[in-house]
Amino acid sequence: MEASNSAMATQVITQEPDHGPDHPERPFSSPLHHCYHHRHSNPSAISYLHPSLLAPVPWIIHNDYQNFLSLGPGGTPATFLGYLKITYLRLFALSDPYSPATFTESIYPTTGYYQRVQSWLPFRSGPRPKIAGIAPQRQLDQPGCKKMYQLLRASLENLAIQNPESFRIGTSCFEKKGLALFARDPINATCRGEVCHVHHSDRSLHLNLHPDDAKVVLERGWGERHPLARGGWMKAYVPREFVMVYAPRNRVELDAVCRIIEAAGFWVSGTQFEVGIKPECLPDNLSQ
């Protein structure tokens, strides 16, 4: 694969923005909320807890636990023990999810997908959505379009059907629920070869990317690194290459998300493929 791709075009076709992706500063929050609720300004959804000598600790913990439960089901059991685990892991969460991971060791493929093929990835329009949590990690605003979500699911299923020797569909190994795409013969270690999985609750997704491709995706505002994607002993939870991609709001964004999934599939499987969108595969009530 390395030799066969060396002669391919390395140009990345991009669309220059009027301004770069929005990187707002995170609001101050209590230690309990570190990396649990960030970039959040709507108190009607999930409120912040500001440190106060008058606030009783049991009330703070109760409120924080309810915030954890409000994110819905994910890879961590929705129990108090699950909450305590996440509270501990927050201490080690990334402080900057917008900068790509650095690698000192050799990796294969040596260069990313976007450096090998002629591809188009625009800057995402508007500010980044607000993100909360670790496991689960969820998108709080700028909801994805239901039809785009269904199109994405159908496209992943069709990809596995049309390429049964390379891919399969199953339940996410990371989330323990939700639709996921797996490489049958992965060249880079992920959870059972998982390429990506989609979240039914907020229509966002998680995937694994070559660091070169992650840099493009992060800089163009399409996602951010998972809070635990820092390598070392945290590989027991998620790979260093683990990235959250925001929910597509329209067809243009869905096309971009599909290009990102193609890059993720290249990193995990070493193969190049196309995620085709087929509106005719949607249920009748979503095809209009």
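The values are calculated or read from the model by the stated rules, or taken from the named source; none is laboratory data. Just so you know, these numbers come straight off a predicted model, no measurement behind them. Ideal geometry is used to build each Cβ from the backbone, glycine not excepted, and the neighbour counts take in all protein chains shown.
Could you give me the residue pairs with C-beta distances under 6 Å whose first residue belongs to the stretch 72-83 and is surrounded by 13 or more Cβ atoms within 10 Å (Cβ to Cβ), whose second residue is hydrophobic (A, V, I, L, M, F, W, C) wherever it lies, and which are 6+ apart or on separate chains?
Sorted first by the residue in the stretch 72-83, then by its partner, the pairs are GLY74/ALA135; GLY75/ALA135; GLY75/PHE174; THR76/ILE86; THR76/ALA135; ALA78/LEU69; TYR83/PHE68.
Given the criteria among the hydroxyl-bearing types (Ser, Thr, Tyr), within 27 Å of ASP255 (Cβ to Cβ), touching an Asp or Glu at 6+ places or on another chain (Cβ under 6 Å) and part of a helix (DSSP H, G or I), does TYR149 qualify?
Values: among the hydroxyl-bearing types (Ser, Thr, Tyr): yes; within 27 Å of ASP255 (Cβ to Cβ): yes; touching an Asp or Glu at 6+ places or on another chain (Cβ under 6 Å): no; part of a helix (DSSP H, G or I): yes.
Spelling it out, it is not the case that TYR149 is among the hydroxyl-bearing types (Ser, Thr, Tyr), within 27 Å of ASP255 (Cβ to Cβ), touching an Asp or Glu at 6+ places or on another chain (Cβ under 6 Å) and part of a helix (DSSP H, G or I).
Being touching a Leu at 6+ places or on another chain (Cβ under 6 Å), part of a strand (DSSP E or B) and of a type outside the set (S, T, N, Q) narrows it down to one of ALA180, ALA132, so name that one. Working first, answer last.
Details: ALA180 fails: touching a Leu at 6+ places or on another chain (Cβ under 6 Å).
Criteria check complete, one pass: ALA132.
Condition first: among the hydrophobic types (A, V, I, L, M, F, W, C) and more than 26 Å from ARG203 (Cα to Cα). Now tell me which residues in the stretch 81-116 satisfy that.
The answer is LEU81, LEU84, LEU91, PHE92, PHE103, ILE107.
Looking at ALA214, ALA263 in this structure, which one is among the small types (Gly, Ala, Ser), in contact with a helix residue (DSSP H, G or I) (Cβ under 7 Å, 6 or more places away or on another chain) and closer than 20 Å to THR110 by Cβ?
Working: ALA214 fails: in contact with a helix residue (DSSP H, G or I) (Cβ under 7 Å, 6 or more places away or on another chain).
Criteria check complete, one pass: ALA263.
Any idea how many residues of the stretch 107-129 are at negative phi, small (Gly, Ala, Ser) and part of a loop (DSSP other than H, G, I, E, B)? Break it down into steps so the answer makes sense when it comes.
Kept after step one, since they are at negative phi, are these residues of the stretch 107-129: 107-125, 127-129.
From what's left, small (Gly, Ala, Ser): 112, 119, 125.
Filter again for part of a loop (DSSP other than H, G, I, E, B), leaving 112, 125.
So the answer is 2.
From the residues in the stretch 85-142 that are without any contact (Cβ under 8 Å) to a residue 60 or more places away in the chain and crowded, with 17+ Cβ neighbours inside 10 Å, which one is nearest to the chain's Cα centre (by Cα)?
That would be ILE86.
For the stretch 100-131, how many residues are in contact with a Lys or Arg (Cβ under 6 Å, 6 or more places away or on another chain), under 26 Å from TYR88 (Cβ atoms) and modelled with pLDDT of 90 or more?
The qualifying residues number 1.
Quick check on the stretch 163-170. Is at least one of its residues of a type in the set (Lys, Arg), under 15 Å from the mean Cα position of the chain (by Cα) and not in a loop (DSSP other than H, G, I, E, B)? Quick ask: steps written out before the conclusion?
Of the stretch 163-170, the ones of a type in the set (Lys, Arg) are 168.
Next, only the ones that are under 15 Å from the mean Cα position of the chain (by Cα) stay: none.
Among the residues of the stretch 163-170, not one is of a type in the set (Lys, Arg), under 15 Å from the mean Cα position of the chain (by Cα) and not in a loop (DSSP other than H, G, I, E, B), which makes the answer no.
Quick grid of which residues meet (1) out of contact with any helix residue (DSSP H, G or I) (no Cβ under 6 Å at 6 or more places or on another chain); (2) farther than 15 Å from ALA247 by Cα:
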site: MET148; (1), (2): no, no
site: GLU157; (1), (2): yes, yes
site: ARG168; (1), (2): no, yes
site: PHE174; (1), (2): no, yes
site: ALA183; (1), (2): no, yes
site: LEU207; (1), (2): no, no
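Could you please find all residues in the stretch 204-254 being modelled with pLDDT under 95, in a loop (DSSP other than H, G, I, E, B) and at positive phi?
Listed by number, the list holds a single entry, GLY231.
Out of the residues in the stretch 198-215 meeting the condition of being surrounded by fewer than 24 Cβ atoms within 10 Å (Cβ to Cβ) and over 19 Å from GLU175 (Cα atoms), tell me which one is farthest from the chain's Cα centre (by Cα).
Only one residue fits best here, namely ASP212.
Quick one: PHE68 ticks every box in (1) modelled with pLDDT under 85; (2) assigned to a loop (DSSP other than H, G, I, E, B); (3) among the hydrophobic types (A, V, I, L, M, F, W, C); (4) touching a strand residue (DSSP E or B) at 6+ places or on another chain (Cβ under 9 Å) except a single one, so which number is it?
It fails just one condition, (2).
Among the listed residues GLU224, GLU219, GLU194, identify the single one that is among the acidic types (Asp, Glu) and either surrounded by fewer than 23 Cβ atoms within 10 Å (Cβ to Cβ) or closer than 15 Å to CYS258 by Cβ (or both). Give the steps one after another, and end with the answer.
Details: GLU224 fails: either surrounded by fewer than 23 Cβ atoms within 10 Å (Cβ to Cβ) or closer than 15 Å to CYS258 by Cβ (or both); GLU194 fails: either surrounded by fewer than 23 Cβ atoms within 10 Å (Cβ to Cβ) or closer than 15 Å to CYS258 by Cβ (or both).
GLU219 is the lone residue from the list that is among the acidic types (Asp, Glu) and either surrounded by fewer than 23 Cβ atoms within 10 Å (Cβ to Cβ) or closer than 15 Å to CYS258 by Cβ (or both).
Does ALA154 count as among the hydrophobic types (A, V, I, L, M, F, W, C), within 26 Å of THR76 (Cα to Cα) and buried (at least 18 other Cβ atoms within 10 Å of the Cβ)?
Numbers: among the hydrophobic types (A, V, I, L, M, F, W, C): yes; within 26 Å of THR76 (Cα to Cα): no; buried (at least 18 other Cβ atoms within 10 Å of the Cβ): yes.
So ALA154 fails the test.
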